[in-house]
Amino acid sequence: MVEEKIEKTKKPKSSEREQAENIESLVVELAKKGYSPAKIGDVLKEKYNIPKIKILGKKVTKILKENNIKYQNDLALVNKRIKKLEVHYSKNKQDKKAGREIVRLIGLKKRLEKYENRRK
């Protein structure tokens, strides 16, 4: 079998630059609709066939910061989900899956807090 070498260039081509501008506008538009950074990545992957936003050399959060758009971080989203599930579970004690999900989310919350503390 013949292996093909993929050229890796640091400077984007003109078509990639145009695509980058379109991607940035899509990210801003989706954020204004209320999507989280993770959800924006999922939408770009599924709807627009953009495998990774890092093609631009920027992350979604960096694009949002440059455009002064506020977004919820992962920790806030997990806290919101935990509260929602706890309300549900208090009314529905028989729902064992919800109880297990609360335990899983609390573990995720601890991991995210640990990550945030290390990052600062």
- prompt: If you plug each phi of region 72-89 into the Karplus form 6.51 cos²θ - 1.76 cosθ + 1.60 with θ = phi - 60°, what whole-Hz ³J(HN,Hα) values come out, in order, with x for Gly and Pro?
  reply: 8, 7, 4, 5, 5, 5, 5, 4, 4, 5, 4, 4, 4, 5, 5, 5, 4, 5
- prompt: If each of Asp95 and Glu29 carries a label point 7 Å out from its Cα toward its Cβ, how far apart are those two points in nm?
  reply: 3.5 nm
query: In debye, nearest 20: dipole of region 74-119 around its Cα centre with unit charges on the Cβ of K, R (+) and D, E (-)?
result: 100 debye
- request: Express in nm, to one decimal, how much length is gained between Asn79 and Asp42 on full extension, taking 0.36 nm for each residue of separation and deducting their alpha carbon distance.
  value: 11.2 nm
message: Skipping prolines and chain starts, which residues have an amide H placed within reach, meaning under 5 Å, of the one on Lys58, given they are 5 or more residues away or on another chain?
response: none
- request: Calculate, for Tyr115 and Lys65, the FRET efficiency according to 1/(1 + (r/R0)^6) with r their C-beta to C-beta distance and R0 25 Å; round to the nearest 0.05.
  value: 0.85
field: Filter on Lys70/Lys114; Lys91/Lys120; Lys52/Lys97 - keep pairs with C-alpha separation over 30 Å
entry: Lys91/Lys120; Lys52/Lys97
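Read the figures in this text as sums done on the coordinates, not as results from a lab. What you see is a predicted model, and the numbers here were worked out from it, not measured in a lab. A quick note on method: Cβ atoms are made from the backbone with ideal geometry, for glycine too, and the neighbour counts reach across all protein chains shown.
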